[in-house]
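Written below as structure tokens is the structure these notes are about.
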Amino acid sequence: MASDGLRPITCTDDQFTFSVTGNIGTVDEEGLFTAGTTLGEGAVTVSYGDVSYSLPVTISGKPGTLLEGFETGTDCGTFGSALSSAAVTTDLTQVPYGGAALSLTYQGQAEDMSEYLLSDPVTLSGPSHLAMMAKGSGDWQWLFLLKDGSVTTLPMELTGEGWQVTATALPENAESLLGFACQGAGTGTLLLDQITGHFGGVTADTTPPELEMALTEEGTLTAALSDSGEVALTKADIALLVDGETASFTFSGGTLTAALPQDGLLHRITLIARDAAGNLARRSMDVGTLPASFADMEGHWAASHAEYLLQKGVFSPSEAFNPGTKVSNEMAATMLSRYLGVNVADYAQVELPYTDAAKISDWALPHVRAMYALGVMKGSTDPLGRSVLLPQNNCSRAQIMTILGRTLSRGYSYGPCAFTDSRKIPDWARDHIDLLSALGVITGGDSGKVDPLGTITRAEFAALLYRMY
């Protein structure tokens with residue numbers, strides 16, 4: 001449009017000169033601007049004689065899109081070597097996000113090559129790059145199907161040092177990600193998760209949302225939530241739990257507001273947020289108090305925890321709580337099953353693999369079946385290699401913390417725990433203890449120790465279960 005300051009002047013696009021500065025795209029003679037695929041800043045300038053105007057333009061790209069997270073059990077086929085395998089793992093110590101990841105292994109000679117084909121190839125309609133979380137070693141490659149029916153590979157960069165974001169630009173005319181390949185002599189292992197498509201370049205996001213919770217004098221919960229990723233948090237990304245149950249709330253402009261129970265009783269409030277990249281953040285707080293109803297819990301440090309879990313049905317009504325009693329394997333299965341709210345009738349036909357299953361108490365058997373079927377309690381192996389539960393044996397603290405860790409999805413940011421005796425933590429329990437420590441479920445108390453090989457009392461287990469809400 002043109003004007004002499006008072007009136008519009010009839011004009012056509014071809015009377016003007018258009019140009020672009022910065023590597024942001026192209027503009028034709030009629031002013032049609034086409035954005036490029038490279039992220040950056042520049043300007044579109046229109047000129048007429050010695051008069052010009054520049055419009056600033058930022059190419060920020062489309063947010064990354066999750067293409068495959070392996071949560072529904074997508075599997076692979078293995079070809080090229082009998083010494084290779086592929087499977088979806090639900091071992092959470094091998095999962096960076098959610099509850100599953102893909103596990104690939106390779107062991108071959110110099111001339112060998114194995115291809116791992118996804119049962120459902122990842123369709124590539126639009127992205128310029130692919131990225132994923134990966135952990136492993138070996139000569140791995142991306143395997144792509146092109147639109148002309150041919151197959152091509154691109155190298156995958158792995159540092160071999162923990163989880164990393166590995167990425168690649170898509171080959172020209174790529175139609176789908178068929179899977180992955182490995183070749184060469186020796187052993188290769190690869191865990192991968194969160195295959196995402198990116199537009200104009202990869203912006204890796206491994207930073208969780210930030211949460212701040214506060215309680216007003218009127219008893220209303222307010223929380224500030226923000227995230228540094230490309231996509232702003234929405235109400236659908238947030239869960240507010242009151243005593244483990246989903247509660248209603250409003251969310252606008254990064255602020256959450258919710259009315260909390262006003263009965264004065266103890267309530268556990270937990271706020272969880274997941275960003276578009278799958279990063280999780282969690283905060284909890286207590287509201288109210290509970291009087292002790294167990295005769296032996298008056299003045300005990302875990303009195304409110306025990307009473308709270310009694311109200312939730314985790315513990316059965318009784319005159320005494322017996323806080324110092326050690327927790328056995330069958331007792332742990334029962335309490336955890338009740339905490340999770342499992343309908344044990346759904347698992348009544350589950351066959352247990354334990355050779356000592358006949359020793360499980362009747363009151364615990366339905367819960368043991370459920371916890372075994374859900375993969376939470378797996379038992380152990382005796383000196384003869386037989387699967388056993390040892391139902392009346394006392395649980396170690398590391399065992400309890402491991403089964404609790406198996407109930408939590410991954411996606412939280414956490415590193416090695418800081419307990420002074422952390423060197424004593426068994427390898428099979430370390431990941432779970434690190435996570436529970438980061439979430440504040442395990443505190444170490446005044447001693448700063450986790451005592452992983454020690455036994456655990458009913459009072460101590462009650463405190464852990466309470467903090468899990």
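The values are calculated or read from the model by the stated rules, or taken from the named source; none is laboratory data. Note that this is a predicted model, so its numbers are computed, not measured. Neighbour counts run over all protein chains shown; Cβ positions are idealised from the backbone, glycine included.
Of the residues examined, Glu41 is not one that is modelled with pLDDT of 90 or more and either among the acidic types (Asp, Glu) or not assigned by TED's automatic domain parsing to the domain that holds Leu124 (or both). Could you list, in sequence order, the residues of the range 410-429 that are among the charged types (D, E, K, R) and either not in a loop (DSSP other than H, G, I, E, B) or not assigned by TED's automatic domain parsing to the domain that holds Lys449 (or both)? Selection gives Arg410, Arg423, Lys424, Asp427. Tallying residues that are of a type outside the set (Gly, Ala, Ser), over 21 Å from Tyr97 (Cβ atoms) and not in a loop (DSSP other than H, G, I, E, B) within the range 153-171 yields 3.
Counting only residues that are within 22 Å of Thr402 (Cβ to Cβ), surrounded by fewer than 20 Cβ atoms within 10 Å (Cβ to Cβ) and among the hydrophobic types (A, V, I, L, M, F, W, C), the range 336-364 holds 6 of them. Candidates are the residues of the range 210-257 that are of a type in the set (Asp, Glu) and part of a loop (DSSP other than H, G, I, E, B); the one that is nearest to Val314 (Cα to Cα) is Asp243. Per the conditions (1) under 23 Å from Thr90 (Cα atoms); (2) surrounded by 14 or more Cβ atoms within 10 Å (Cβ to Cβ); (3) at pLDDT 95 or above, the sole criterion not satisfied by Gly379 is (3).
Checked against (1) in contact with a helix residue (DSSP H, G or I) (Cβ under 8 Å, 6 or more places away or on another chain); (2) over 23 Å from Tyr97 (Cβ atoms), Ser150 passes all but condition (1). The numbered conditions (1) surrounded by fewer than 20 Cβ atoms within 10 Å (Cβ to Cβ); (2) over 15 Å from the mean Cα position of the chain (by Cα) are all true for Thr407 except (2). Does the range 175-184 include one or more residues that are of a type in the set (A, V, I, L, M, F, W, C) and surrounded by fewer than 18 Cβ atoms within 10 Å (Cβ to Cβ)? No: the range 175-184 contains no residue that is of a type in the set (A, V, I, L, M, F, W, C) and surrounded by fewer than 18 Cβ atoms within 10 Å (Cβ to Cβ).
Within the range 97-116, one or more residues are touching a Lys or Arg at 6+ places or on another chain (Cβ under 6 Å), assigned to a loop (DSSP other than H, G, I, E, B), crowded, with 17+ Cβ neighbours inside 10 Å and in contact (Cβ under 8 Å) with a residue 12 or more places away in the chain. Here Ala370 fulfils each of the conditions (1) of a type in the set (A, V, I, L, M); (2) in a loop (DSSP other than H, G, I, E, B); (3) touching a residue at least 24 places away in the same chain (Cβ under 8 Å) apart from (2). Screening the candidates Glu230, Glu245 for the property of being touching a residue at least 12 places away in the same chain (Cβ under 8 Å), among the acidic types (Asp, Glu), farther than 27 Å from Gly445 by Cβ and outside the structural domain of Ala438 (by TED's automatic domain parsing) yields one hit, Glu230.
Filtered by the rule that a residue be over 20 Å from Thr325 (Cα atoms) and touching a Lys or Arg at 6+ places or on another chain (Cβ under 6 Å), the range 440-469 gives Val441, Tyr469. Of the residues making up the range 316-333, just one is within 15 Å of Tyr466 (Cα to Cα) and within 30 Å of the chain's Cα centre (by Cα), namely Ala332. Just one of (1) touching an Asp or Glu at 6+ places or on another chain (Cβ under 9 Å); (2) in the same structural domain as Asp120 (by TED's automatic domain parsing); (3) at pLDDT below 95 fails for Thr168. It is (3).
Which condition number in (1) modelled with pLDDT under 90; (2) on the phi < 0 side of the Ramachandran plot is the one that Gly184 fails? Of everything listed in (1) modelled with pLDDT under 90; (2) on the phi < 0 side of the Ramachandran plot, Gly184 misses just condition (2). Does Leu435 count as within 19 Å of Asn279 (Cα to Cα) and assigned to a helix (DSSP H, G or I)? In short, yes.
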